[in-house]
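Visitor: Following this message is one structure expressed as structure tokens.
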Amino acid sequence: MAEGRCYSPLPIAAVEQLPVPDALPVRFADIEAAATRIAGHAVRTPLLESPQLNALTGGRILIKPECLQRTGSFKFRGAWNRISQIDPATTPGGVVAYSSGNHAQGVAAAAAMRGLKALIVMPADTPAIKQANTRGYGAEVVTYDRASQSREEIAGRIARERGAIIVPPFDDPHIIAGQGTVGLELAEDAARLGASLDAVLVPCSGGGLVGGIATAVKSRMPKASIHSVEPAGFDDLARSLAAGKRLANDRTTGSICDALLSPTPGEITFAINSKLLAPGLAVSDGEAGAAMAYAFDRLKLVAEPGGAVALAAILSGKVDVRGRTVAVIISGGNVDRALYARILIENPSLP
């Protein structure tokens, strides 16, 4: 398992950010429009609070469980926002997407609801449950070797052959706006609880979810700091933010967090995230697994490895939350039974 570099706890108060600039690729108004489109189709997931977690961390921790979202992850939001704007009558070739699994399921479900054909290019090592669910929504699946083949090239060729529209996993303004509805709901529900957010921790791959959330939350709560959380060894966004330019990971495999192994930040997402995000965080596979077990034992939530990394950052002390109000996104819950059982066994039940 990949182990993380050493991080001292990040003091939230030291990374306060400026309000959202108007010139970014996705605006708050785009997220509001996306919220209107997904209403009645996507689930408005709750905002949960655990007294035990608060006592353990010394902060007020608010959990946004997108593992309860339609298709088991936040990805349905962006997929529906994009696909709902496609006219099936003018797109007989349907849609093509490339995904490690959660975007695949979101696209497949949204396409089926719109009467569109869908083909998804997926890594051959994608967890079986994600491949099975994608096919279950009616999509055709084509697999590839993520270590030696380009998913973008494969998807582009198939889309040209079929006359289909590509629905990318993150580097698209409509996708980002759809994911930003997580942040809009978060800000609204936190305000209803009388909570002013000091920070939000978000699992990150290509940066669409964290960019959308940052745009929404900082439009409502500009003093909140937004942190990406990635698997150790695959923290391309954290390193890119520190360097001020897009950097790539050295490898594309080697972590149980299969949903978070994008090789490099997207162009559009980095244009947003480089302006809005606080320093990024990274957690080891072991820390992600421990967070999955904690979510099962204490929160009664099923989190996949990538979906649990933000919670892992809290539990492992990567960020200092004492006396702060911090939101944590659990981004997905699509995990194979065998892996889930092994992780629970490896992490003993809490007293």
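Visitor: So which of Phe270, Phe296 is among the aromatic types (Phe, Trp, Tyr) and crowded, with 22+ Cβ neighbours inside 10 Å? Steps first, answer last, please.
Guide: Numbers: Phe296 fails: crowded, with 22+ Cβ neighbours inside 10 Å.
Being among the aromatic types (Phe, Trp, Tyr) and crowded, with 22+ Cβ neighbours inside 10 Å holds for just one of Phe270, Phe296, which is Phe270.
Visitor: Sticking with this structure for a sec: What is the number of the single condition among (1) of a type in the set (S, T, N, Q); (2) over 26 Å from Ile31 (Cβ atoms); (3) over 18 Å from the mean Cα position of the chain (by Cα) that Ser196 does not meet?
Guide: It is condition (2) that Ser196 fails.
Each row is one residue, and each column tells you yes or no for (1) out of contact with any Asp or Glu (no Cβ under 9 Å at 6 or more places or on another chain); (2) at pLDDT 95 or above.
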residue: His41; (1), (2): yes, yes
residue: Thr45; (1), (2): no, yes
residue: Lys75; (1), (2): no, yes
residue: Asp87; (1), (2): yes, no
residue: Pro92; (1), (2): yes, no
residue: Ala97; (1), (2): yes, yes
residue: Gly101; (1), (2): no, no
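Visitor: On to the next question. So, of the residues in the stretch 243-252 that are farther than 17 Å from Ile268 by Cβ and surrounded by 12 or more Cβ atoms within 10 Å (Cβ to Cβ), which turns out to be modelled with the highest pLDDT?
Guide: Asn249
Visitor: Taking the stretch 35-47, which residues are over 16 Å from Ala191 (Cβ atoms) and in contact with a strand residue (DSSP E or B) (Cβ under 6 Å, 6 or more places away or on another chain)?
Guide: Within the stretch 35-47, the subset over 16 Å from Ala191 (Cβ atoms) is 36-43, 45.
Across the stretch 35-47, the qualifying residue is only Thr45.
Visitor: If the requirement is being within 30 Å of Met221 (Cα to Cα), surrounded by 23 or more Cβ atoms within 10 Å (Cβ to Cβ) and in the same structural domain as Gly212 (by TED's automatic domain parsing), which of these qualifies: Leu301, Leu277?
Guide: On the way: Leu301 fails: surrounded by 23 or more Cβ atoms within 10 Å (Cβ to Cβ).
Within the list Leu301, Leu277, the selection yields Leu277.
Visitor: Are there helices (runs of 4 or more DSSP H) fully within the stretch 279-350 with at least 3 residues that are under 20 Å from the mean Cα position of the chain (by Cα) and among the small types (Gly, Ala, Ser)? List them.
Guide: Values: elements: 285-294, 309-315, 337-346.
Filter on the stretch 279-350 gives 285-294, 309-315.
Visitor: Name the residue, out of Ala159, Ala155, Ala177, that is outside the structural domain of Leu311 (by TED's automatic domain parsing), buried (at least 23 other Cβ atoms within 10 Å of the Cβ) and over 30 Å from Gly286 (Cα atoms).
Guide: Details: Ala159 fails: buried (at least 23 other Cβ atoms within 10 Å of the Cβ); Ala177 fails: outside the structural domain of Leu311 (by TED's automatic domain parsing).
Result of the check over Ala159, Ala155, Ala177: Ala155.
Visitor: When the residues of the stretch 320-336 are filtered to those that are touching a helix residue (DSSP H, G or I) at 6+ places or on another chain (Cβ under 6 Å) and hydrophobic (A, V, I, L, M, F, W, C), which remaining residue is surrounded by the fewest Cβ atoms within 10 Å (Cβ to Cβ)?
Guide: Val321
Visitor: Only one of these conditions is not met by Ser196: (1) in a loop (DSSP other than H, G, I, E, B); (2) buried (at least 24 other Cβ atoms within 10 Å of the Cβ). Which number is it?
Guide: Ser196 satisfies every listed condition except (2).
The values are calculated or read from the model by the stated rules, or taken from the named source; none is laboratory data. Because the structure is a prediction, the values reported are computed rather than measured. When we count neighbours, we look across all protein chains shown, and the Cβ atoms used for this are built from the backbone with ideal geometry, even at glycine.
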